[in-house]
Ligand code: MN
């Protein structure tokens, strides 16, 4: 009897879904010996947001994490999630970067690559899938599950056939939002298994509480493998619990053969680990059936709530939830997963807050409507498309088709800061952040001692300055330690602090006279020609200079909010008379950013 296979995702998706991807390598390594003994088919340990969180928050080398896990888990396949042509970044990379990235991942220890595209446009995964095969590794083709009038059973079965024809070694049904229901799952699994004789995996989130039932129906319908997380990291926006599923199918035809006692010991370990990260817990990770109503995945919900809070508009969240399905329909029903979830979510916020749908259209929505992300699952709204991109032609080819090889350009750009091909790939994924990370590493600011002169270094030291203290927020107690101060530059200064032993970087902006003065010049926009933004965000580009002549409707600034870019346009014809912002400035709605004198 063939055993039911299990992929445990505690080290990747579970903490991404519950703790903002903050688990550190040092909390993974001590339990690896036990995890390696379990006999999981694979362990998902990398990809998704882990690479980003390593570089952005944890100041860990993501490649080094992979190498350490490889060493600590010699008997278990290591698995990663890869966003096709986007890899682990947020744009389409040229094919040579995709090939290099896959090859480097394989060389550093990756065995199984789950490759997906947010729009299920398989042209966006073909290069990555081939690269995985060329390395002799396991290429798992992915179907992003969603519901819409065009996402029929036939469509998903056809996609499974296309993935098989592409050379997939197995197929995953990726239910990232927890939209599957038990009987839909049964139907889907049955149809795919009947038509495509490849191992089939079900990856489903317990967002609505239905995932364990869905897995049971999937198993009965012939699925070969399930994705689970150790119980202390399971449930809610995470996954069905490993131990519960193992127990559920024990002594049946679907027995996993895994040792429940060993799993329980592993759970005891992770129970303690989770406590360390309590400040990253969120109310939006709890089980909630609303995803079955509004299709807004948990991760997206917390992002939206944060953004609206910042705007003092949390009371509008219901309207935003109502707007999301409408925007999704206008865009041809994309599945809501990175990056389409951000694209749809942010545009919905703009539509609600401005009170005028598509008055502001983000650059990403424009790019999407130009075909820049691939082919939408269904026709987009023609009127919106015209409004967003005018008469520009829509790209019919694979989005990365026209991209020139860029590996050597990237290598040249980052220069001495990169000591390896892997370093260049860090820079490729996150140009600003990656560069800053490599710079800090070169300056010795990322050594464990520099980041965290922990107890050993500070304990017992008599100092007149308090560098360690406890704070209480809403009854929760936090240990805070100031562990380093960065150079003062451009009016900003970085502090490295640790919160309950975890390093965090804080950018501190002292209000000096210059800035007070600068702030005071940014008055409230009250009349035409005083350009302001409608959302709080950062200035990422200034497109004009004082003295330029400009026409109404032409862009003057690009801002970034919620990871999406928006052009701010001139509202009158005239001459630029004053610019009150610099690249990188944080701005709030209503402030005068640029002034135009009408002629
Ligand atoms: Mn997932």
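Values in this text are rule-based calculations from the coordinates and carry no lab data. Remember, predicted model here, so these are calculated numbers, not experimental data. Reconstructed Cβ throughout: ideal geometry from the backbone, glycine too, with neighbour counts over all protein chains shown.
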Practice problem: Report the label-to-label distance for residue 545 and residue 255 in nanometres (one decimal), using points 7 Å from each Cα along the Cα→Cβ vector. | Solution: 7.7
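Rounded to the nearest 0.05, what FRET efficiency is calculated for residue 268 and residue 71 with R0 set to 30 Å and r the Cβ-Cβ distance? List each step's numbers first, then the result.
On the way: r = 24 Å, r/R0 = 0.79.
With a Förster radius of 30 Å, E is 0.80.
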Quiz item: Could you put 282, 532 in order, starting from the residue whose Cβ has the fewest other Cβ atoms within 10 Å?
Solution: 282, 532
Quiz item: Relative to a virtual label point 7 Å from the Cα of residue 396 in the Cα→beta-carbon direction, which members of the stretch 98-140 show backbone nitrogen distances below 19 Å?
Solution: 121-124
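Checking the a/c ratio against 1.5 first, then a/b against b/c, what shape does the Cα gyration tensor give for the stretch 193-272? Display every interim value, and only then the final one.
On the way: a/c = 2.34, a/b = 1.47, b/c = 1.59.
Oblate, since a/c reaches 1.5 and b/c is not below a/b.
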Quiz item: Given the rule -39500 (n - 2.57) for each run of at least 4 DSSP H residues, summed and divided by the residues of the chain, what is its mean residue ellipticity at 222 nm, to the nearest 500 deg cm²/dmol?
Solution: -10500 deg cm²/dmol
Quiz prompt | Relative contact order of the chain, defined on C-alpha pairs under 8 angstrom at six or more residues apart (%) | solution = 11
Quiz prompt | Extended-chain gain in nm, criterion 0.36 nm per residue less alpha-carbon gap, residue 3 and residue 158 | solution = 53.0 nm
Self-check item: Additional length obtainable on full extension of the chain from residue 165 to residue 406, 0.36 nm per residue less Cα span
Solution: 83.9 nm
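Sort 46, 41 by Cβ crowding within 10 Å, fewest neighbours at the top.
Details: 46 26, 41 22.
In increasing order of surrounding Cβ atoms, one gets 41, 46.
When a footprinting reagent is the concern and you count Cβ atoms within 10 Å, what order do 251, 548, 175 take, fewest first? List each step's numbers first, then the result.
Values: 251 7, 548 15, 175 26.
Fewest-to-most Cβ neighbours within 10 Å comes out as 251, 548, 175.
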Quiz prompt | Sites residue 279 and residue 433 - FRET efficiency at Förster radius 22 Å, r taken between beta-carbons, to 0.05 | solution = 0.55
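Considering only DSSP beta bridges where both residues belong to the chain, give the percentage that are antiparallel (nearest 5). It would help to have the intermediate numbers written out before the result.
Working: 41 of 73 bridges.
Expressed as a percentage, antiparallel bridges in the chain total about 55.
What FRET efficiency comes out for residue 569 versus residue 419 if R0 is 56 angstrom and r is the Cβ-Cβ distance? Round to the nearest 0.05. Each step should come with its number before you reach the end.
Working: r = 44 Å, r/R0 = 0.78.
That pair, residue 569 with residue 419, gives E of 0.80.
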Practice problem: Take the alpha carbon gyration tensor of the chain, find the square roots of its eigenvalues, order them as a ≥ b ≥ c, and report rounded if a/c is under 1.5; if not, report prolate when a/b exceeds b/c, else oblate. | Solution: oblate
Quiz item: Which length gain, in nm to one decimal place, applies between residue 586 and residue 187 when the Cα-Cα distance is subtracted from 0.36 nm times their residue separation?
Solution: 138.7 nm
Quiz item: For the stretch 221-311, rounded, prolate or oblate, judged on the Cα gyration tensor with a ≥ b ≥ c (square roots of eigenvalues), a/c < 1.5 rounded, else prolate if a/b > b/c?
Solution: oblate
Self-check item: Projected label distance in nm at residue 248 and residue 538, using a 7 Å step from Cα toward the beta-carbon
Solution: 4.2
